[in-house]
Amino acid sequence: MSATNDIIATVSAKIDNGERISDADAVALFECDDLFAIGRLAAAINRKKNGDKVLFNVNRHINYTNLCVNQCRFCAFCRQYGDEGAYAYNLSEILERAAQARAAGATELHMVGGLHPELPFEFYLRMMATIKANNPDIKIKAFTAVEIDYFSRISGLSIEVVISELKRLGLDSTPGGGAEILGEEVRSKICPEKISGARWLEVTEKIHAGGLKSNATMLFGHVENYADRVDHMAKIRALQDKTGGFQAFIPLAFQTENTRIPEAKGPGGIDCLKTLAISRIYLDNFKHIKAYWVMLGLKVAQVALAFGVNDLDGTVVEEKIGHDAGADSPQALSREEILRQIRAAGKIPVERDTLYNEVRVYSGADDDDEDQ
Ligand code: V47
């Protein structure tokens with residue numbers, strides 16, 4: 001038996017027995033060339049968990065500032081004072097975007113930004129309270145574990161108090177950014193000023209303990225190797241065993257333009273599909289694997305629906321982090337376009353909210369969409 005057949009048979013038997021695959025199995029899957037075999041395993045697991053349903057949401061990103069005290073090398077979005085293109089939205093600019101989102105039927109605001117050198121924690125509290133007061137029906141998914149840690153440092157408040165204050169004023173969940181690759185060796189090369197991987201996990205555990213769900217991302221296709229990716233997923237899987245607080249795992253395909261990792265070329269399509277499929281197989285305690293079309297490109301994201309993915313993210317509307325780094329995906333997708341992509345993959349589109357409650361199941365191709 002070839003090494004390829006070997007690992008597929010080993011993993012297949014473990015899945016059939018309800019056994020978790022090991023880190024060595026996951027590395028061997030990355031090294032295996034049989035993309036279709038890996039995809040079939042992932043698709044079968046996904047079908048058992050989620051049937052033919054593919055989730056999406058109607059959301060809007062608001063990146064309130066690109067000023068950042070960290071200057072991560074993979075990031076083309078961050079600026080310092082005086083840099084061309086540096087900005088920070090004021091409260092009314094943020095509210096204007098939230099109102100546009102509400103008018104477009106959004107159920108979620110996705111809000112993240114740089115670690116601003118001067119804004120006090122009170123600004124973010126006011127931001128939560130004002131958005132919520134004006135848009136009580138929209139859920140706010142905001143602030144990565146990196147930002148929560150920063151708020152604690154600039155305010156002198158504990159992580160627990162930062163989380164409970166934000167939650168009290170309107171925060172509904174947190175996104176999965178800032179995880180990058182959790183291993184320190186890679187982190188020291190791509191984001192030396194950022195909090196450690198251990199700290200990201202610690203803050204995330206507190207977010208879950210504080211009663212908020214979050215996501216977990218993995219930035220791949222730069223300087224990391226397969227063992228680094230598996231080590232990253234192992235840490236996420238272990239934390240999920242402990243808290244159950246993660247909703248979705250989101251592999252983020254590295255975009256190279258305007259970044260400062262010259263040796264990084266970004267992942268190809270096969271690597272993207274393999275990474276999504278392996279995350280579905282390895283993360284047996286995750287219900288949702290998300291193909292973030294902004295970074296993957298819409299075509300790869302759609303194909304990923306046959307490789308174990310059950311979530312296509314949302315309408316997005318205004319995206320800066322990926323596009324500043326050269327992402328060639330559109331800025332926004334309409335609800336109709338998302339429905340079309342999911343249906344063309346032979347799946348059933350389901351609009352969800354931030355907390356993964358179903359808002360609407362689009363069961364038939366002739367479903368009445370004209371009111372959307
Ligand atoms: O943490 C930065 C990544 C993240 C680049 O939780 C880059 O639902 C690719 O976390 N190429 C922010 N990626 C985005 C994020 C996210 C996106 C969509 C949904 C959710 C969710 C979370 O973007 C950062 C970083 O890992 N990033 N620069 C780049 N050049």
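Just one of (1) open to solvent by less than 30 Å² (accessible area, probe 1.4 Å); (2) farther than 26 Å from LYS213 by Cβ trips up LEU283, so point out which.
Every condition holds for LEU283 apart from (2).
What number of residues in segment 261-294 are more than 8 Å from the ligand (Cβ to nearest atom), touching a strand residue (DSSP E or B) at 6+ places or on another chain (Cβ under 6 Å) and among the basic types (Lys, Arg)?
1
Quick one: LYS167 ticks every box in (1) under 22 Å from ILE94 (Cα atoms); (2) assigned to a helix (DSSP H, G or I); (3) under 19 Å from the mean Cα position of the chain (by Cα); (4) charged (D, E, K, R) bar one, so which box is it?
Looking at each condition in turn, LYS167 falls short on (3).
How many of the residues making up segment 335-366 are open to solvent by 60 Å² or more (accessible area, probe 1.4 Å), among the hydrophobic types (A, V, I, L, M, F, W, C) and modelled with pLDDT of 95 or more?
So the count comes out to 3.
Counting only residues that are at negative phi, near the ligand (Cβ under 9 Å from one of its atoms) and part of a loop (DSSP other than H, G, I, E, B), which one in segment 250-260 is most open to solvent (accessible area, probe 1.4 Å)?
Per the criteria, the residue is GLU257.
Keeping to segment 218-249, report how many residues are near the ligand (Cβ under 9 Å from one of its atoms), within 20 Å of ILE148 (Cβ to Cβ) and either among the charged types (D, E, K, R) or open to solvent by 10 Å² or more (accessible area, probe 1.4 Å) (or both).
2
In the list GLU96, GLU122, which residue meets the criterion of being under 30 Å from PRO349 (Cβ atoms), open to solvent by 30 Å² or more (accessible area, probe 1.4 Å) and either in contact (Cβ under 8 Å) with a residue 24 or more places away in the chain or not in a loop (DSSP other than H, G, I, E, B) (or both)?
From the options GLU96, GLU122, the qualifying one is GLU96.
Considering every residue within segment 96-114, establish whether at least one is in contact with a strand residue (DSSP E or B) (Cβ under 6 Å, 6 or more places away or on another chain), of a type outside the set (Phe, Trp, Tyr), away from the ligand (no atom under 16 Å from the Cβ) and over 30 Å from ARG352 (Cα atoms).
For segment 96-114, residues in contact with a strand residue (DSSP E or B) (Cβ under 6 Å, 6 or more places away or on another chain), of a type outside the set (Phe, Trp, Tyr), away from the ligand (no atom under 16 Å from the Cβ) and over 30 Å from ARG352 (Cα atoms): absent.
Taking into account only those residues within segment 38-76 that are within 15 Å of the ligand (Cβ to nearest atom) and charged (D, E, K, R), which is nearest to the chain's Cα centre (by Cα)?
ARG60
Please specify each residue of segment 179-200 satisfying the condition of being part of a loop (DSSP other than H, G, I, E, B), touching a residue at least 40 places away in the same chain (Cβ under 8 Å) and farther than 18 Å from PHE254 by Cα.
If the condition is that a residue be part of a loop (DSSP other than H, G, I, E, B), touching a residue at least 40 places away in the same chain (Cβ under 8 Å) and farther than 18 Å from PHE254 by Cα, then GLU193, ILE195 are the ones that fit.
With assigned to a strand (DSSP E or B) and surrounded by 23 or more Cβ atoms within 10 Å (Cβ to Cβ) as the only criterion, which of ILE140, ILE131 stands out?
So the residue among ILE140, ILE131 that is assigned to a strand (DSSP E or B) and surrounded by 23 or more Cβ atoms within 10 Å (Cβ to Cβ) is ILE140.
Tally the residues that are closer than 15 Å to LYS299 by Cα, part of a helix (DSSP H, G or I) and either within 16 Å of the ligand (Cβ to nearest atom) or touching a Phe, Trp or Tyr at 6+ places or on another chain (Cβ under 6 Å) (or both), restricting the search to segment 309-338.
So the count comes out to 1.
The values are calculated or read from the model by the stated rules, or taken from the named source; none is laboratory data. Remember, predicted model here, so these are calculated numbers, not experimental data. We place every Cβ from the backbone using ideal geometry, glycine too, and count neighbours over all the protein chains shown. Ligands, DNA and RNA are stripped out before the accessible areas are found, and what is left, the full protein with its side chains, is counted by its heavy atoms. Shrake-Rupley method; radii C 1.70, N 1.55, O 1.52, S 1.80 Å.
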